[in-house]
Each structure stands twice: as structure tokens, then as C-alpha cells.
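Before any comments, here is the structure.
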Amino acid sequence: MTKQIRKAKALIEGVFRGLEAPADTFHVNRYAYPHDSEQSAMRGDWVRVGDQLRDAMTRTDVKTAA
């Protein structure tokens, strides 16, 4: 292939990639939702937060007692 043909091919491919770019922009990814409902997800979050607070308070009590 000559240099001009390669440049023309690259130009045409670039134009086509540019035309299909909006379709890539608006592609929506679907991920599995691991919870039964939003309520159970929130409940799980609060349980984890409560566990972390309980652990922090326990560590603080141990340091204070020592």
C-alpha cells in the first residue's frame, strides 16, 4: 500500500470511529444487585456502621482503663 492510501484509510476509519463514539458514551453497564431490596441494603450498612462504632468504643475503653 502506498502512503496516500494508508492515510486515506486511517482518515476513513477515524471518521467512522467518531460517528460511533456517541453510542459508546451512552452505553449503560448493568451490574447484579446483591441485596433483596434497598431496605435490606441500608439495614446491612447500618449494621456494619454499628459494629465499627462498637469496636472503636471497646478500643477506647481498653486504652482508658490501662
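The table for this structure:
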| read-out | value |
| --- | --- |
| Stokes-Einstein translational diffusion, the chain - Kirkwood Rh over all Cα pairs, 1.002 mPa s, 20 °C, in µm²/s | 119 µm²/s |
| Residue-averaged 222 nm ellipticity for the chain, from DSSP H runs of 4+ at -39500 (n - 2.57), nearest 500 | -27500 deg cm²/dmol |
| Accessible surface of the chain, 1.4 Å probe, proportion on carbon and sulfur as whole % | 60 percent |
| Heavy-atom surface of the chain, accessible at 1.4 Å and reported per residue (Å²) | 101 Å² |
| Cβ crowding within 10 Å averaged over residues, with 10-19, 25-34 ranked highest first | 10-19, 25-34 |
| Charged-residue dipole, Cβ positions (Lys, Arg, Asp, Glu), the chain about Cα centre, Debye nearest 20 | 620 debye |
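The values are calculated or read from the model by the stated rules, or taken from the named source; none is laboratory data. Keep in mind that this is a model prediction, so the values were computed, not measured. We place every Cβ from the backbone using ideal geometry, glycine too, and count neighbours over all the protein chains shown. Side chains included, ligands, DNA and RNA excluded: accessible areas come from the protein's heavy atoms. Shrake-Rupley method; radii C 1.70, N 1.55, O 1.52, S 1.80 Å.
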